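K.L.:
Below: one structure in structure tokens.
Taken together, the values in this text are just the output of simple stated rules run on the coordinates, not laboratory data. Quantities reported herein were computed from a predicted structural model and do not represent experimental measurements. Here the Cβ is made from the backbone with ideal geometry for all residues, glycine too, and neighbour counts use every protein chain on show.
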Amino acid sequence: MTNAIEVRGLTKRYGDVQAVAGLDLDIRQGEVFAILGPNGAGKSTTVEILEGYRSRDSGEVSVLGVDPARPTRQWRSRVGIVLQTANDAAELTVRETVRHFAGYYPNPHDPDEVIERVGLTAKAGKRVRQLSGGQRRRVDVALGIVGSPELLFLDEPTTGFDPEARRQFWELIEGLAHDGTTIVLTTHYLDEAEALADRVAVVARGRIVAEGTPATLGGREAAKARVTWADGSVETDTPTRTVLELSRRFGGEVPGLTVTRPTLEDIYLRLIEPSAN
Ligand SMILES: Nc1ncnc2c1ncn2[C@@H]1O[C@H](COP(=O)(O)OP(=O)(O)OP(=O)(O)O)[C@@H](O)[C@H]1O
């Protein structure tokens, strides 16, 4: 399978701060890839370099076969971007804004379909200025997808969304992924990464410290299970055996029984501990 993105040995320094410190990354065509990591880890810097909006100090970068340090107009039209901060043409209506942006692209989607897809049909005639924060964010997403990009970058896309809007947004992303769009998203929501991503990478101190599917990241699938009951708790590789023993001891139902494995968040927090790598 072809890679949509290939990065080797990427570095970027701002004065004393080594924001990106030798980062390698492969993102396959058609996959949803989530980049996780604490504040200041180097995620936005990396993504902005991939988008062609920030220069790098060293390393090899290929995005849809092009070096983003030398972007062409044609390449730009294949890449959709949803930035962290909204670029508001606040006096225009939602429909005018989306139509306006559609005009920049050679093969845009129908603006009204895009507005429908982001759930703003009822607000299409409203000025962007009059929308709530979460609704404006949906306008940003609409502008990111109106050019029918092959590759879509989403930087913390659901910050400020209410739970229902997040679920709707997830469905939108699943639909785009289903249509074959490669999607790269940064997020601080581990449940979002788990719901959407085929693979995730954890960035800490400018490097990737772990990479894998949400189910297997950091050895998650092999991690011990915790069996807890009314008056006890153990960590074990063989939770079924533990439950059978408990059942025998209690003569049937085990009071207060739960069996849990580490969540993606548990694994993530372990991975970003300074002592972990
Ligand atoms: N334009 C800049 N000038 C100087 N330092 C910068 C600049 N942009 C980022 N940095 C620094 O580089 C480091 C990485 O920042 P970056 O924004 O890439 O992190 P991030 O992982 O995206 O964080 P967040 O989760 O908070 O968005 C930080 O220490 C930040 O302060």
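K.L.:
Does region 88-108 include one or more residues that are touching a residue at least 12 places away in the same chain (Cβ under 8 Å), in a strand (DSSP E or B) and under 20 Å from ARG138 (Cβ atoms)?
P.N.:
So far as region 88-108 goes, yes, one or more of its residues are touching a residue at least 12 places away in the same chain (Cβ under 8 Å), in a strand (DSSP E or B) and under 20 Å from ARG138 (Cβ atoms).
K.L.:
Is one or more of the residues making up region 218-232 in contact with a strand residue (DSSP E or B) (Cβ under 8 Å, 6 or more places away or on another chain) and on the phi > 0 side of the Ramachandran plot?
P.N.:
Yes, the conditions are met somewhere in region 218-232.
K.L.:
Do any residues in region 1-30 that are in contact (Cβ under 8 Å) with a residue 12 or more places away in the chain have Cβ atoms under 7 Å from those of residues that are of a type in the set (Phe, Trp, Tyr) and within 16 Å of the ligand (Cβ to nearest atom), where the two are at least six apart or on different chains, and which pairs are they?
P.N.:
Listed pairs, sorted by first residue: ILE27/PHE33.
K.L.:
Give region 137-189 a look and list any residue that's within 16 Å of the ligand (Cβ to nearest atom) and in a strand (DSSP E or B), or say none.
P.N.:
PHE153, LEU154, ASP155, VAL184, LEU185, THR186
K.L.:
Among what's in region 17-57 and is among the polar types (S, T, N, Q) and within 20 Å of ILE81 (Cα to Cα), pick the residue that is farthest from the ligand (Cβ to nearest atom).
P.N.:
Among residues in region 17-57 that are among the polar types (S, T, N, Q) and within 20 Å of ILE81 (Cα to Cα), the one farthest from the ligand (Cβ to nearest atom) is GLN29.
K.L.:
Could you check region 191-210 and list, in sequence order, the residues that are touching a strand residue (DSSP E or B) at 6+ places or on another chain (Cβ under 7 Å) and within 16 Å of the ligand (Cβ to nearest atom)?
P.N.:
Those that are touching a strand residue (DSSP E or B) at 6+ places or on another chain (Cβ under 7 Å) and within 16 Å of the ligand (Cβ to nearest atom): ALA193, VAL200, ALA201, VAL202, VAL203, ARG205, GLY206, ARG207, ILE208, VAL209, ALA210.
K.L.:
If you scan region 212-232, which residues turn out to be of a type outside the set (S, T, N, Q) and surrounded by fewer than 17 Cβ atoms within 10 Å (Cβ to Cβ)?
P.N.:
Matches in region 212-232: GLY212, ALA215, GLY219, GLU221, ALA222, ALA223, LYS224, ARG226, ALA230, ASP231, GLY232.
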